[in-house]
Amino acid sequence: MELAGDKNPVRKWWRSAGLALLGLLIACGVGVGTWCVLSAPPSYSPPQNRPIPDVPFVPTPHDIVMEMLKLAEVGPNDVVYDLGCGDGRIVVAAAKHFGAKAVGVDKNPQRVAESLENVKKNGVQDKVTIIQDDLFNIDLSPATVITMYLLPSVNNALLPKLEKLKPGTRIVSHDFDIDGVRPKKVLRVQSSESHREHTIYFWVVPFEKESTR
Ligand SMILES: C[S@@+](CC[C@H](N)C(=O)[O-])C[C@H]1O[C@@H](n2cnc3c(N)ncnc32)[C@H](O)[C@@H]1O
């Protein structure tokens, strides 16, 4: 039993030794805990809302570009957005052959440099804007026509954004459709450039949903 003001030297010695040991144990515990926190690998949390694959650059053949823009009936009053514009061939064609204003978006700086070069080479700088960004970040509200050559999962992920576009906005997609949304037209065209058949899907906002019976 320990008493305040204890004069017994042996008990006093044991009490001091006990307190010192307790202090040492606490210090070690805090030290080891801190080391564990600092040396643990950083915890990884996967992106919650972006399970979207990367889309490689595969250019649309030029004759198919023309078919896409014709199918959307692009004209001088249109503003065409190409989502993932690659080397800029669709926006250049929209401006050069159909008189439209056009915006190309690509997140890859190499593609953006190629697009800018293409725009300059074809003298359509007054009509075409190239933006380096993720297409999911872009305000699409000025668009009257959207063109895309992405992947089915990317098209599906884009659906909520596309549904918000103003009524009458036309959308054309090369080779890939959108799940659950009925296209107004589907065109199959043989390309003399790629020597294969390409499919072009065409929708107009608001979308007609397929029934899920
Ligand atoms: C299949 S290519 C199509 C290029 C062009 N639209 C065409 O039809 O010739 C897809 C392009 O989308 C770009 N891309 C992929 N994911 C993107 C994203 N999240 N934001 C912006 N660009 C993207 C790629 O860098 C690539 O240039």
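Derivation of every value follows stated rules applied to the coordinates shown; laboratory data play no part. If you're wondering where the values come from, they're calculated on a predicted model, not measured in any experiment. Quick reminder, even Gly has a Cβ in these numbers, built from the backbone with ideal geometry, and neighbours come from all protein chains shown.
For D139, put the label point 7 Å out on the Cα→Cβ axis and report which residues of the stretch 97-125 keep their amide N under 18 Å from it.
Answer for the stretch 97-125: 102-106.
Please give me the summed charge of the neighbours of Q190: other residues whose Cβ is under 13 Å from its Cβ, Lys and Arg +1, Asp and Glu -1.
Working: positive: R188, R196; negative: D63, E67, E193, E197.
Result for the neighbourhood of Q190: -2.
For D78, list long-range residues whose amide hydrogen, built 1.01 Å from N in the peptide plane, is under 5 Å from its own amide hydrogen.
Amide H neighbours of D78: K101.
Working out 0.36 nm times the residue gap between K184 and A113, then minus their Cα-Cα distance, what length gain in nm do you get to one decimal?
22.1 nm
Could you compute the net charge surrounding T147? Neighbours are other residues with a C-beta less than 10 Å from the C-beta of T147; K and R count +1, D and E count -1. Could the numbers behind the result be given before it?
Values: positive: R170; negative: D82.
Charge balance near T147 sits at 0.
Work out from phi, with θ = phi - 60° and the Karplus expression 6.51 cos²θ - 1.76 cosθ + 1.60, the ³J(HN,Hα) of each residue of the stretch 151-161, listed in order in whole Hz, and give x for Gly and Pro.
9, x, 5, 6, 4, 5, 5, 7, 3, x, 6
With all pairs of different alpha carbon atoms counted, what Kirkwood hydrodynamic radius in Å does the stretch 62-209 show?
Numbers: mean 1/r = 0.0661 Å⁻¹.
In the stretch 62-209 this quantity evaluates to 15.1 Å.
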